[in-house]
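First comes the structure, then the notes that go with it.
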Amino acid sequence: MPFKIYQCRCPNEVHQLVVSVSKHLYILKNGQITYQKKPLDVDLLKCRDSLKDHVVHYLIKDHFSGALYGEVSQSSNLLSLGEFLYRAWSPKEKYSFCGFPEGVILPKTVTCVFPGVINLLDALGIKIGKATSGFHAGIRDVRTWEDYIRYQFWKQTGWAYFKELQAGAPELSAFISRSYDEGKSRIKIWENNSQEVTIPDVSKEEFLSAYRI
């Protein structure tokens, strides 16, 4: 039975997982990213049928602290969700966010497109919770993430090409989590309240073997 969330007591108790197709950012044939103000009629279930190559956001956020880790992909060549989770939960050189959660909130569209994630979480003993609202599904987090891409990084650093954005996305995660929300840094909340952190202790191939079952 899926678990229910009322209030988290500590970091890595619950993570929210989001994979969302941008309705505004897409990639031209030369690799350049362009922005369309009018929202595009596209979602994760039908993005592969689109005539455009959309930017796809992969985000995982700690429910207690708000700290997050994110990457981007192309709708024409979706990133393996298993590989994303391996990097999200593994230690990072310049960013402390890592570790398995006790439970993950999964939107239904994510399980439909990436069914292997169920096998992976079951193998790791991680509980699965259903997203019961747009907030639970991470709509607000996607909006914040895309706003940072557009206003904080794209215009200031010249991330006009997808490959540059893809390479810089983990750094963007750290930047967002270090920024202050209501006077508090999300990653500092994560660091100051973290207890025992469990990280992947196997190779990526071993980790992904359960995802591919």
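The values are calculated or read from the model by the stated rules, or taken from the named source; none is laboratory data. Predicted, not measured: the structure shown is a model, and the values here were computed from it. Quick reminder, even Gly has a Cβ in these numbers, built from the backbone with ideal geometry, and neighbours come from all protein chains shown.
Residues that are among the hydroxyl-bearing types (Ser, Thr, Tyr) and at pLDDT 95 or above within region 77-112 comprise Ser80, Tyr86, Ser90, Tyr95, Ser96, listed in sequence order. Scanning region 29-62 for residues that are surrounded by fewer than 12 Cβ atoms within 10 Å (Cβ to Cβ) and within 20 Å of Val110 (Cβ to Cβ) gives Asp41, Lys46, Asp49.
Go through region 49-63 and report how many residues are acidic (Asp, Glu) and touching a residue at least 12 places away in the same chain (Cβ under 8 Å).
2
Only one of the numbered conditions (1) closer than 15 Å to Tyr211 by Cα; (2) surrounded by fewer than 21 Cβ atoms within 10 Å (Cβ to Cβ) is not met by Leu121, and that is (2). Which residue out of Gly70, Gly82, Gly66 is in contact (Cβ under 8 Å) with a residue 24 or more places away in the chain and either in a loop (DSSP other than H, G, I, E, B) or acidic (Asp, Glu) (or both)? Checking each option against the conditions leaves just Gly66. Residue under question is Ser65, and the condition is that it be polar (S, T, N, Q), touching a Leu at 6+ places or on another chain (Cβ under 6 Å) and buried (at least 21 other Cβ atoms within 10 Å of the Cβ); does it hold? It is false that Ser65 is polar (S, T, N, Q), touching a Leu at 6+ places or on another chain (Cβ under 6 Å) and buried (at least 21 other Cβ atoms within 10 Å of the Cβ).
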